[in-house]
Amino acid sequence: MAKTETISLLAELQNLNAPQLRRLLVEHLTKQKLGLYWESNAIARDAALNANVVLPRVVPEFSHTPEGTTHHRNLVIEGDNFDSLRLLRATHAGKIRVIYIDPPYNTGNKDWVYNDKFVGANDRWRHSQWLEFLYQRLVLARELLTSDGVILVSINDENRSRLELLMDEVFPGRRVGSMVWRTKDSTSRTDTNFSEVHEHILIYGGVGFAFNGAPKSQKKYKNPDNDPRGPWNIDPLTVNADRFERSGFFYPLNNPVTGVWYPCDPDRVWAYASESRIKNLDRIRTGSMESWIQQEKIVFPVGERVVCWETHEELLAAIRAGDVPRTPKRQRPLLTADTPDLNFWIGRQVGFGRPGFKKHWEELNSHVNPVSSWIPRATEGEDEDEAVIGAPQAGEGTEAIQAIFGTRAFQYPKPPTLIANLLRQATKPNDTILDFFAGSGTTGQAVLELNAEDDGNRRFILCSSTEATAKEPDKNLCRDVCAERLRRVMAGYGGKPGYSVAQGGEFAYLQLDKIEAADVAFEATPDHATTLISMQNTAVAPVEYAQAAIQVIAKSGDWLTVICHAATPEALDALAALPAQHGLARLAVFCPRPKALAALLAERGVEANTYSIADALLKGQVRGGQGASA
Ligand SMILES: C[S@@+](CC[C@H](N)C(=O)[O-])C[C@H]1O[C@@H](n2cnc3c(N)ncnc32)[C@H](O)[C@@H]1O
């Protein structure tokens, strides 16, 4: 702690009396808990955390509105994401199924701002500030997720452990796991001769979240014997337990048709017990070997070598020569001089092949392969039993930016292929995907790609800062890189086709105004009201504020939702005409004075539910940014 801070803390403590000091000590001692601790009380409060009301405004000139756009399903929100998330809490709580973020990694290379200052490597509070910064945003983001939603977070190796503990704190019990991907081939670190070439993606999902996986291949399942139960494959008939752990499962197995006997592997015994060995048959929950044989589920080898050792000496000679049945892969002998009851194998037909279990395609627990936590290079071979995500080199991100802008307009973007591959696994075709550290907008591009691939209706919400600083006051990363990239991608560039409105080739660009709650009724504009109420009721943004007395926001079921900015005679006429025009019986009207409007409409014989615009603007915008929980 800096000296001045220590002095002021001591001065504060001087003013406390003995009981107050005792209470403080008890609080301090009992507050300790398992998990992450960061010095949230010692660091200066983040000036970005404010409690005023955030109101959105569509900026048509920065939006992408090709012909045919009736409303905007995709949103690009400019500003500090603490504000963007507060807005979304008022409009999208419980509506987002997938969040992907790639936050600043706190590398010490001035890659993020706290209290309007870049945080450098020597900042005493660097880690606490970073944790507090992320904590405040993650807590807001948590409210946006659907109950089966998921958040995927990219992080480097150095900060992974801290972030993972923070995620555990914000999403307790929701950890799905983490993925690792190789970002580059090597680095030039010679001090430790340790080349850091990987990053992590942390995954926290709600109840019911599952990756899509990949359909299992049916290639290995055949039906050479026309089994009416359908195609099948041979599974091992052994389990991972030795003869001491499961003595009842270690016995010679007999093919009742040929009379041939098969020795049991002492290190991997049979999967099913024999009725001849187990007294209490009710204890065999998985079914006995005899019952499986009867059901023709055990496949005995055909055309294999079969021998018969007539004497003990013959058997021992075969054991010495290694000429006995062996395990298929490692070729371990299944009969040795130590095999219990060795004489059993004298004078019997002994098979050299291995029996297997007939696994039918229809009885598999799942026809989907799970996603692997290891993300290999896209060029590496696919594992047959796992859905592999696959990533290109990190350089693909920079190349994508270069191809779109002709320059390196953004440092360290993520590779679009990696994000598309992740979202292909994490999303369903109608999901809304949020990235609140959107940077250059890679996530938006990935969403467009996926929709084009499967005719999906995924929509994106990207929050990006301007990155303006005192040195570069006019910088606007959100407008000039993120939104501009999407505009170019949607229009088509470098010979690549663009995306139609039906494919999601549009977005609203939102700027945010912050107003004290007490001033909302006076300072909020019709533009704010139209945008916010539209987002609240329909999760879409209007193309622009129509500058008209009334604006229809949504039709749903029997209802028409309308905003009436002022109850002028023209507005009342227009409202009265709406039910007939739209063939709908009910009106929900947002207006400045709901009671008065309801009475005026009733005089004209129009029944309507009326709501206060000011109330709608304040809805969900409770005080944000309380101190951290640590
Ligand atoms: C690692 S980059 C994300 C890059 C992105 N995944 C891409 O592919 O372009 C992190 C981004 O977070 C932005 N950022 C940092 N603090 C922010 C804040 N408080 N609000 C919004 N964005 C912020 C930075 O400007 C930076 O662009």
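Considering only 231, 271, 202, and ranking their Cα positions along the charge dipole of the chain that arises from unit charges at the beta-carbon of Lys, Arg, Asp and Glu, the one farthest toward the positive end is 271. Calculated FRET efficiency, residue 277 to residue 226, Cβ-Cβ distance, R0 = 41 Å: about 0.75 to the nearest 0.05. Rounded to whole numbers, the Karplus 3J(HN,Hα) couplings from phi for the stretch 406-423 are x, 9, 8, 5, 8, 7, 6, x, 7, x, x, 4, 4, 5, 4, 5, 5, 5 Hz, using 6.51 cos²θ - 1.76 cosθ + 1.60 with θ = phi - 60°, and x at Gly and Pro. When only the Cβ of Lys, Arg, Asp and Glu is charged (+1, +1, -1, -1), the dipole of the chain relative to its Cα centre reaches about 880 debye.
Surface listing: 28, 64, 72, 312 arranged by accessible area from highest to lowest gives 28, 312, 64, 72, probe 1.4 Å. A DSSP coil position with no more than 12 other Cβ atoms inside 10 Å describes the following trypsin sites (Lys or Arg not before Pro) in the stretch 367-459: 408. What whole number of Å gives the distance from the Cα centroid of the stretch 280-306 to the Cα centroid of the stretch 453-504? When both Cα centres are located, 61 Å separates them. Taking 306, 26, 53 and ordering them by how much accessible surface each has at a 1.4 Å probe, largest first, produces 26, 306, 53.
Here the gap between residue 51 and residue 341, fully extended at 0.36 nm per residue and compared with their Cα-Cα distance, gives a gain of 96.3 nm. Against the chain, whose longest principal axis comes from its Cα atoms, helix 157-170 is set at around 70 degrees. Taking label positions 7 Å along the Cα-Cβ direction at both residue 568 and residue 452, the computed distance is 4.5 nm, reported to one decimal.
A Förster radius of 25 Å combined with the Cβ-Cβ distance from residue 593 to residue 93 puts the calculated FRET efficiency at roughly 0.35. Computed from phi, the 3J(HN,Hα) profile of the stretch 128-139 under the Karplus parametrisation 6.51, -1.76, 1.60 (θ = phi - 60°) reads 5, 5, 5, 5, 5, 4, 6, 4, 4, 7, 5, 4 Hz, with x in place of Gly and Pro. When nucleic acids and ligands are ignored and a 1.4 Å probe is applied, residue 250 ends up with an accessible area of around 40 Å².
Note on the stretch 548-618: with charges restricted to the Cβ of Lys and Arg (+1) and Asp and Glu (-1), its dipole about the Cα centre is near 80 debye. Against the chain, whose longest principal axis comes from its Cα atoms, helix 569-582 is set at around 30 degrees.
The simple Förster model, with R0 at 45 Å and r as the Cβ-Cβ distance, assigns residue 554 and residue 412 a FRET efficiency of 0.65.
Dipole orientation for the chain: of the candidates 112, 76, 154, 154 has the Cα lying most toward the positive pole (charges on Cβ; Lys, Arg +1; Asp, Glu -1).
Accessible surface of residue 367, taken over heavy atoms with a 1.4 Å probe and every protein chain present, rounds to 70 Å². Here the dipole of the stretch 49-173 is about 220 debye; that uses its Cα centre as origin and unit charges on the Cβ of Lys and Arg (positive) and Asp and Glu (negative).
Label point of residue 519 set 7 angstrom out along Cα-Cβ; within the stretch 37-68, amide nitrogens under 12 Å from it belong to 52-53. Converting phi to 3J(HN,Hα) with the Karplus coefficients 6.51, -1.76 and 1.60 and the offset θ = phi - 60°, the stretch 598-611 yields 4, 5, 5, 5, 4, 4, 8, x, 9, 8, 8, 8, 10, 10 Hz in sequence order, with x at every glycine or proline. The label point for residue 302 and the one for residue 602, both projected 7 Å from the Cα toward the Cβ, are 8.6 nm apart. At the residue level, residue 114 shows approximately 10 square angstrom of accessible surface with a 1.4 angstrom probe and all protein chains present.
Along the axis of the charge dipole computed for the chain (Cβ charges of +1 for Lys and Arg, -1 for Asp and Glu, origin at the Cα centre), the listed residues 91, 257, 411 are led at the positive end by 257.
Each peptide in 263-271, 227-235 gets a packing score, the mean of other Cβ atoms within 10 Å over its residues, and the list from highest to lowest is 263-271, 227-235.
The values are calculated or read from the model by the stated rules, or taken from the named source; none is laboratory data. This one's a predicted model, so the numbers in the text were calculated from it and none came from an experiment. Glycine gets a Cβ as well: all are built from the backbone with ideal geometry, and neighbour counts include every protein chain shown. SASA here: full protein model, heavy atoms, side chains in, ligands and nucleic acids out. Shrake-Rupley method; radii C 1.70, N 1.55, O 1.52, S 1.80 Å.
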